[in-house]
Amino acid sequence: MSYVEIPGAKVPIRMWTDPSTVEGSALQQLQNVATLPWIKGLAVMPDVHYGKGATVGSVIAMRGAVCPAAVGVDIGCGMSAVKTSLSANDLPGDLSRLRSRIEQVIPVGRGMHDDPVDPGRFHGVATAG
């Protein structure tokens with residue numbers, strides 16, 4: 001998966017999502033972070049959305065600094081651990097098809113978790129228990 005690079009004040013903002021799908025307030029937060037004097041890099045994941053102080057779904061690399069507000073503000077929003085019957089031997093060497101299928105049935109992004117995900121949408125995967 002490739003990224004889109006948009007200019008930032010100190011570093012480019014590398015987005016692993018379509019910038020047109022990112023809400024304006026989150027884009028502004030990303031631009032603000034890209035102006036920090038200690039910023040070394042800024043990466044943006046597909047689940048990016050506005051957060052408290054920094055966007056959720058971004059990775060902020062800094063020189064000689066730690067910013068607690070940039071870590072853990074919204075950790076786990078919309079996340080769920082699911083135990084399956086699969087073992088490593090059940091999986092193919094290339095997981096891209098599996099990942100694509102998971103991405104098709106699990107909504108990501110701000111406002112996409114109003115309804116619970118229906119486990120029945122995972123055709124061919126045991127979801128009981």
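Data table
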read-out	value
Where segment 4-70 is the region considered: accessible area per residue in Å², 1.4 Å probe	53 Å²
Label-point separation, N32 to S100 (7 Å along Cα→Cβ), nm	3.9 nm
Two-site FRET efficiency, A43 against S87, from Cβ-Cβ distance with R₀ of 30 Å, rounded to 0.05	0.45
Of all accessible heavy-atom area on segment 4-70, the percent that carbon and sulfur account for (1.4 Å)	60 percent
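The values are calculated or read from the model by the stated rules, or taken from the named source; none is laboratory data. Computed from a prediction, not measured in an experiment: that's the story for all the values here. Backbone-built Cβ (ideal geometry, glycine too); neighbour counts: all protein chains shown. The area values use the complete protein model at the heavy-atom level, side chains included, leaving out ligands, DNA and RNA. Shrake-Rupley method; radii C 1.70, N 1.55, O 1.52, S 1.80 Å.
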